[in-house]
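S.K.: Below: one structure in structure tokens.
The values are calculated or read from the model by the stated rules, or taken from the named source; none is laboratory data. Computed from a predicted model, the values in this text were never measured in an experiment. Backbone-built Cβ (ideal geometry, glycine too); neighbour counts: all protein chains shown.
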Amino acid sequence: MLDILSALYPWTKSLHVISVITWMAGIFYLPRLFVYHAEKAGDQTGELHETFTIMERKLFKLIMNPSSIATWVFGLALVFTPGIVDWSSVWPWTKAAAVIGMTWFHHWLGYRLKEFASGKNSRNGRTYRMMNEVPTLLMLLIVFSVIVKF
């Protein structure tokens, strides 16, 4: 099994990067949709509310969920590929913590999606603008962990 992972390493790494890019695009865009939804369709009824709800649901279910799963699958395949991760270093642990944080943020967005869909959003646009900085900070930690390997 480990020989297969080593042979497939360039493909696994490529698919991991593609999955991460797709996931991050959604993670950056969904909170922005929530800002507009909270500010422009504040009464949480009507046609504009329904349009935002459909856009948010499709982004989350059709793009973000599959790409987050693919990111985890290919990432774990990389972890188990011999010679890729030096667990005596700090960087795999900081990356792992940040990836868990990104996954938490993904699920936080999913809960907010359900609130909007049911008309029970209680947060304003400013909250979503501030929360949109969370994935940026986590992304920086992930990238510096992997590239600089501190």
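S.K.: More than 23 Å from Val143 (Cβ to Cβ) and either in contact (Cβ under 8 Å) with a residue 24 or more places away in the chain or acidic (Asp, Glu) (or both) - does that describe any residue in the range 23-34?
M.R.: Scanning the range 23-34, I find at least one residue that is more than 23 Å from Val143 (Cβ to Cβ) and either in contact (Cβ under 8 Å) with a residue 24 or more places away in the chain or acidic (Asp, Glu) (or both), so the answer is yes.
S.K.: Taking the range 1-21, which residues are loosely packed, with under 11 Cβ neighbours inside 10 Å and touching a residue at least 60 places away in the same chain (Cβ under 8 Å)?
M.R.: Correct list: Leu2 only.
S.K.: Do you know which residues across the range 37-50 are in a helix (DSSP H, G or I) and either over 13 Å from Leu113 (Cα atoms) or modelled with pLDDT under 85 (or both)?
M.R.: Passing the criteria: Glu39, Lys40, Gly46, Glu47, Leu48.
S.K.: Of Ser68, Ser6, Ser14, which residue is among the polar types (S, T, N, Q) and touching a Pro at 6+ places or on another chain (Cβ under 7 Å)?
M.R.: Ser6
S.K.: Look at Ile69 and say whether it is among the β-branched types (Val, Ile, Thr) and in contact (Cβ under 8 Å) with a residue 12 or more places away in the chain.
M.R.: Judged against the criteria, Ile69 is not a match.
S.K.: Looking at the range 35-58, which of its residues are free of Cβ contacts under 8 Å to residues at least 40 places away in the same chain and on the phi > 0 side of the Ramachandran plot?
M.R.: Gly46 - this is the single residue of the range 35-58 that is free of Cβ contacts under 8 Å to residues at least 40 places away in the same chain and on the phi > 0 side of the Ramachandran plot.
S.K.: Could you grab me the full set of residues in the range 98-150 that are among the aliphatic types (A, V, I, L, M), more than 19 Å from the chain's Cα centre (by Cα) and surrounded by fewer than 13 Cβ atoms within 10 Å (Cβ to Cβ)?
M.R.: Selection gives Ile147, Val148.
S.K.: Another question, then. Quick one: which of Ile63, Ile54, Ile4, Ile27 is under 24 Å from Thr127 (Cα atoms), out of contact with any helix residue (DSSP H, G or I) (no Cβ under 9 Å at 6 or more places or on another chain), of a type in the set (A, V, I, L, M) and assigned to a helix (DSSP H, G or I)?
M.R.: So the residue among Ile63, Ile54, Ile4, Ile27 that is under 24 Å from Thr127 (Cα atoms), out of contact with any helix residue (DSSP H, G or I) (no Cβ under 9 Å at 6 or more places or on another chain), of a type in the set (A, V, I, L, M) and assigned to a helix (DSSP H, G or I) is Ile54.
S.K.: Within the range 52-74, take every residue that is over 18 Å from Glu115 (Cα atoms) and crowded, with 19+ Cβ neighbours inside 10 Å and give me the one that is farthest from the chain's Cα centre (by Cα).
M.R.: For the range 52-74, the residue satisfying everything is Phe74.
S.K.: May I pose another question? Do we have any residue at all in the range 82-91 that's in a helix (DSSP H, G or I), within 23 Å of Met139 (Cβ to Cβ) and among the hydroxyl-bearing types (Ser, Thr, Tyr)?
M.R.: No.
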